[in-house]
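One structure is given below, encoded as structure tokens.
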Amino acid sequence: QVQLVESGGGLVQAGGSLRLSCAASGTIFSINVMGWYRQAPGKQRELVATIGSGGITNYAESVKGRFTISRDNAKNTVFLQMNSLKPEDTAVYYCKANLKERQLDPTNLYWGQGTQVTVSS
């Protein structure tokens, strides 16, 4: 059974930085896209950033220039470095991975349990 476990959330002042990590474990043959999404209270979940297996990245306009997504394929881990944080970045951040458990399996989508990021003004 595949699990995605996030860590690194917390409380930080505006202008500060946090680094989120998400490690995938279990039976994994290959991981295609990994990414981060966030959901603020009363709002829909939204894309923050994604990264393909080859390193191609995609960012929401609201985080471009402040957040950096990266991954360690050998450790099935994705990171999100968040700098110049703003109060509007406050949300629960979720890790997502599109992966195959076995070579002949279809690609399925998995989510982590979420980690809270709170930015105070």
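The values are calculated or read from the model by the stated rules, or taken from the named source; none is laboratory data. Keep in mind that this is a model prediction, so the values were computed, not measured. Virtual Cβ from ideal backbone geometry, glycine too; neighbours counted across all protein chains shown. Heavy atoms of the whole protein, side chains included, go into the accessibility calculation; ligands, DNA and RNA do not. Shrake-Rupley method; radii C 1.70, N 1.55, O 1.52, S 1.80 Å.
Mean separation of Cα pairs under 8 Å and 6 or more residues apart, divided by the residue count, gives the chain a relative contact order of 36 percent.
Cα-based radius of gyration for the range 16-59, normalised by 2.2 N^0.38 Å, reads 1.39.
Surface composition of the chain: carbon plus sulfur atoms contribute 47% of the solvent-accessible area (1.4 Å probe, protein chains only, all chains present).
One chain, two ends: Thr27 and Thr107. Fully extended at 0.36 nm per residue, the span grows by 27.5 nm beyond their Cα-Cα distance. Over all other residues within a Cβ to Cβ distance under 9 Å of Arg66, the charged ones net out to +1, with Lys and Arg as +1 and Asp and Glu as -1.
Listed peptides 15-23, 88-96 appear in the order 88-96, 15-23 once ranked by packing, highest mean of other Cβ atoms within 10 Å at the front.
Taking a straight Cα-Cα cut-off under 20 Å and skipping sequence neighbours fewer than 8 places away in the same chain, the aspartates and glutamates within cross-link reach of Lys96 are Glu6, Glu46, Glu61, Asp72, Asp105. Accessible surface calculations at 1.4 Å, restricted to protein heavy atoms, place the range 4-121 at 52 Å² per residue.
Here the spin labels are modelled as points 7 Å beyond Cα on the Cα-Cβ line, and at Lys64 and Thr118 they lie 3.2 nm apart.
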